[in-house]
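Asks: My structure is below; once you've seen it, I'll send some questions.
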Amino acid sequence: MEKSLSWREFIITRLIQSSGYSAILFVALIFFFLLREGLPTLGEVDASSLFNFRWYPIESYFGILPLLSGSLIVTLGAALIAVPFGIGTAIYISEIAPRWMREILKPLVELLGGLPSVVLGFLGILVLSPFLRVFLDLPTGLTALTGSLLLGGIAVPTVVSVAEDALDSVPRAYREGAWALGATKWQTIWRVTLPAAKSGVLTAVMLGVGRAIGETMTVMMVTGNAPVLATGLGSLFSPVRTMTATIAAEMGEVANGSTHYHVLFFIGMVLFIISLVVNVIASSVVFRAKKRAERILS
């Protein structure tokens with residue numbers, strides 16, 4: 001019996017290890033596939049044309065800068081909305097709301113996180129876009145601002161869910177120690193609870209930003225799909241086009257193996273690298289914070 005139990009533990013341990021390694025393998029295979037299909041772009045399109053200001057594939061203009069700038073301005077706008085609202089809501093649920101309110105809000109937030117993005121896109125077209133067009137006196141409501149507002153709303157449930165779990169995992173002894181020293185409730189939240197849960201909160205922010213970067217249907221429906229270079233804050237009130245929307249809109253009709261096909265995969269490769277850089281920066285910040293805390297405790 002003892003021998004069979006050890007064999008079971010051995011098999012379970014190996015299965016868990018293989019599951020962990022498989023995640024690395026799948027990411028590596030995805031990146032290899034993007035490299036295989038996207039790198040031919042560098043031999044088919046000049047670098048000066050590839051990093052140009054005009055995207056018009058019918059006439060062999062493959063400038064990705066308008067798409068890159070459109071993705072950046074929409075993502076930054078969404079982050080400016082999702083981060084304060086998401087962290088503030090997480091603090092309210094974890095630290096301030098009574099228990100009965102927490103029992104209602106937490107499932108509701110998770111339910112909102114499961115809404116299909118195409119449904120939010122329809123709401124953006126029918127409600128938010130006409131409202132912004134009239135309220136801001138714009139030629140069209142299909143702008144980067146509309147996409148940022150909707151993407152922020154999509155990212156908020158992710159930020160709230162992860163950040164609330166991180167705040168809830170902070171030991172109660174930290175709060176009681178702060179109260180014993182005379183700190184108010186807000187001082188305890190700001191100076192004790194949030195710093196203690198910093199790594200989890202940062203992870204929540206990165207997941208929310210990652211959700212905004214990778215969102216496709218919503219931005220394709222409400223941003224106007226105009227491949228125009230975003231040059232400043234004024235571009236928030238103009239139509240833009242993101243990299244994800246470009247891939248989704250054009251991949252189904254492009255000829256397999258053509259230059260346009262390879263350029264779309266090159267855009268996907270750029271998206272992959274951007275997401276990788278964001279996650280590496282977040283991981284390094286969390287790692288440095290953990291090392292600093294270990295040095296203080298030692």
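The values are calculated or read from the model by the stated rules, or taken from the named source; none is laboratory data. Fair warning: this is a prediction, and the values are worked out from it, not measured in the lab. Ideal geometry is used to build each Cβ from the backbone, glycine not excepted, and the neighbour counts take in all protein chains shown. In case anyone asks, the SASA skips ligands and DNA or RNA and just uses the protein heavy atoms, side chains included. Shrake-Rupley method; radii C 1.70, N 1.55, O 1.52, S 1.80 Å.
Asks: Looking at VAL263, VAL228, which is the one that is more than 22 Å from the chain's Cα centre (by Cα), open to solvent by less than 20 Å² (accessible area, probe 1.4 Å) and either in the same structural domain as ILE64 (by TED's automatic domain parsing) or at negative phi (or both)? Give the steps one after another, and end with the answer.
Replies: Values: VAL228 fails: open to solvent by less than 20 Å² (accessible area, probe 1.4 Å).
VAL263 is the lone residue from the list that is more than 22 Å from the chain's Cα centre (by Cα), open to solvent by less than 20 Å² (accessible area, probe 1.4 Å) and either in the same structural domain as ILE64 (by TED's automatic domain parsing) or at negative phi (or both).
Asks: Do we find that LEU132 is buried (at least 16 other Cβ atoms within 10 Å of the Cβ), within 14 Å of PHE237 (Cβ to Cβ), modelled with pLDDT of 85 or more and within 29 Å of the chain's Cα centre (by Cα) in this structure?
Replies: Against the criterion (buried (at least 16 other Cβ atoms within 10 Å of the Cβ), within 14 Å of PHE237 (Cβ to Cβ), modelled with pLDDT of 85 or more and within 29 Å of the chain's Cα centre (by Cα)), LEU132 qualifies.
Asks: Does LEU207 satisfy the condition of being free of Cβ contacts under 8 Å to residues at least 12 places away in the same chain and aliphatic (A, V, I, L, M)? First the steps, then the outcome.
Replies: Details: free of Cβ contacts under 8 Å to residues at least 12 places away in the same chain: no; aliphatic (A, V, I, L, M): yes.
Criteria not met by LEU207.
Asks: Between a first residue in region 167-182 that is of a type in the set (Val, Ile, Thr) and a second residue that is open to solvent by less than 30 Å² (accessible area, probe 1.4 Å) and part of a helix (DSSP H, G or I), which pairs have beta carbons less than 7 Å apart while being 6 or more apart in sequence or on different chains?
Replies: VAL170/THR193
Asks: Given the structure, is VAL45 surrounded by 15 or more Cβ atoms within 10 Å (Cβ to Cβ) and within 22 Å of the chain's Cα centre (by Cα)? Before the answer, list the steps.
Replies: Numbers: surrounded by 15 or more Cβ atoms within 10 Å (Cβ to Cβ): yes; within 22 Å of the chain's Cα centre (by Cα): no.
So VAL45 does not fit the description; no.
Asks: Within region 148-158, is there a residue that is in contact with a helix residue (DSSP H, G or I) (Cβ under 8 Å, 6 or more places away or on another chain), at pLDDT 85 or above and surrounded by fewer than 13 Cβ atoms within 10 Å (Cβ to Cβ)?
Replies: No - not one qualifying residue is present in region 148-158.
Asks: Does any residue in region 133-162 that is hydroxyl-bearing (Ser, Thr, Tyr) come within less than 7 Å, Cβ to Cβ, of a residue that is open to solvent by 30 Å² or more (accessible area, probe 1.4 Å) and assigned to a loop (DSSP other than H, G, I, E, B) six or more places away or on a different chain, and which pairs are these?
Replies: THR140/PRO239; THR143/SER238; THR143/PRO239
Asks: On the given criteria, is ARG191 surrounded by 14 or more Cβ atoms within 10 Å (Cβ to Cβ), assigned by TED's automatic domain parsing to the domain that holds GLY113, part of a helix (DSSP H, G or I) and among the basic types (Lys, Arg)?
Replies: Against the criterion (surrounded by 14 or more Cβ atoms within 10 Å (Cβ to Cβ), assigned by TED's automatic domain parsing to the domain that holds GLY113, part of a helix (DSSP H, G or I) and among the basic types (Lys, Arg)), ARG191 does not qualify.
Asks: Within the group ARG8, ARG36, ARG14, which residue is part of a helix (DSSP H, G or I), closer than 30 Å to GLY63 by Cα, of a type in the set (D, E, K, R) and without any contact (Cβ under 8 Å) to a residue 40 or more places away in the chain?
Replies: ARG36
Asks: If you go through region 109-129 one residue at a time, do you hit one that is modelled with pLDDT under 85, on the phi < 0 side of the Ramachandran plot, part of a helix (DSSP H, G or I) and outside the structural domain of GLY208 (by TED's automatic domain parsing)?
Replies: Within region 109-129, not a single residue is modelled with pLDDT under 85, on the phi < 0 side of the Ramachandran plot, part of a helix (DSSP H, G or I) and outside the structural domain of GLY208 (by TED's automatic domain parsing).
Asks: Of all residues being of a type in the set (Phe, Trp, Tyr) and surrounded by fewer than 21 Cβ atoms within 10 Å (Cβ to Cβ) in region 56-105, which is nearest to GLU164 (Cα to Cα)? Just the residue, please.
Replies: Looking at residues that are of a type in the set (Phe, Trp, Tyr) and surrounded by fewer than 21 Cβ atoms within 10 Å (Cβ to Cβ), I get TYR92.
Asks: Next up: Identify, by number, the condition in (1) in contact (Cβ under 8 Å) with a residue 24 or more places away in the chain; (2) touching a helix residue (DSSP H, G or I) at 6+ places or on another chain (Cβ under 7 Å) that PHE122 doesn't meet.
Replies: Answer for PHE122: the failing condition is (2).
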